Amino acid sequence: MNIKRSFVSVVGALVVVTLIAETLEFFLIALFHGGFVTDQDLYFSIRNSAVFIPLKLGYNFGAAVVAGYVLAWIAGYKEMTHCIVVASLQTLSFLWAIFDPEISTTAPLWLWVLFIIFTIPGFFVGVKWRLKKKS
């Protein structure tokens, strides 16, 4: 067991999912708006629109797949155990957002629940993909 490798794989996966999802979101919202959005209320109104939500759920899932793959690649052992740790930490961060008064207002509760439902399985898909490729 290599604690450093485990730590780097878990933190790395969380960084990867965040970087991919947030970067895609930023540029897709700019594309929808016709320019970069600096007003927070406008940003979230676009992100939470009926047209944008399927995109958000899709790229969150995709980002989690890539992050799961990276997690398994870096960890190199007990990949599913590492995945459970990452999925748990990501779920905790979503729950924190739900219960934080400032963050929770950026999306309705049902959308936060959908973020969990669509993002968490992506980690497992990514790990499975890596394990299949590895074998």
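The values are calculated or read from the model by the stated rules, or taken from the named source; none is laboratory data. Predicted model only: the values in this text are computed from it and were never measured. Cβ placement follows ideal geometry from the backbone for every residue including glycine, while neighbour counts extend to all protein chains displayed.
Within segment 1-37, the residues that satisfy the criterion of being modelled with pLDDT of 95 or more and of a type in the set (V, I, T) are V8, V10, V11, V15, V16, V17, T18, I20, T23, I29, V37. Scanning segment 8-25 for residues that are over 16 Å from the mean Cα position of the chain (by Cα) and either surrounded by 13 or more Cβ atoms within 10 Å (Cβ to Cβ) or more than 20 Å from W129 (Cα to Cα) (or both) turns up at least one hit.
For (1) of a type in the set (S, T, N, Q); (2) touching a residue at least 60 places away in the same chain (Cβ under 8 Å); (3) out of contact with any Phe, Trp or Tyr (no Cβ under 6 Å at 6 or more places or on another chain), each residue gets a yes or a no:
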site: A30; (1), (2), (3): no, no, no
site: S45; (1), (2), (3): yes, no, yes
site: A64; (1), (2), (3): no, yes, no
site: A87; (1), (2), (3): no, no, no
site: L92; (1), (2), (3): no, no, yes
site: W96; (1), (2), (3): no, no, yes
site: L109; (1), (2), (3): no, no, yes
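Helices (runs of 4 or more DSSP H) fully within segment 36-135 that include at least 3 residues being of a type in the set (A, V, I, L, M), out of contact with any strand residue (DSSP E or B) (no Cβ under 7 Å at 6 or more places or on another chain) and surrounded by 15 or more Cβ atoms within 10 Å (Cβ to Cβ): 53-75, 79-99, 109-134. As a summary of the residue check, A75 satisfies the conditions (1) under 30 Å from L131 (Cβ atoms); (2) without any contact (Cβ under 8 Å) to a residue 40 or more places away in the chain except for the one numbered (2).
In segment 95-109, the count of residues that are modelled with pLDDT under 95 and acidic (D, E) is one or more.
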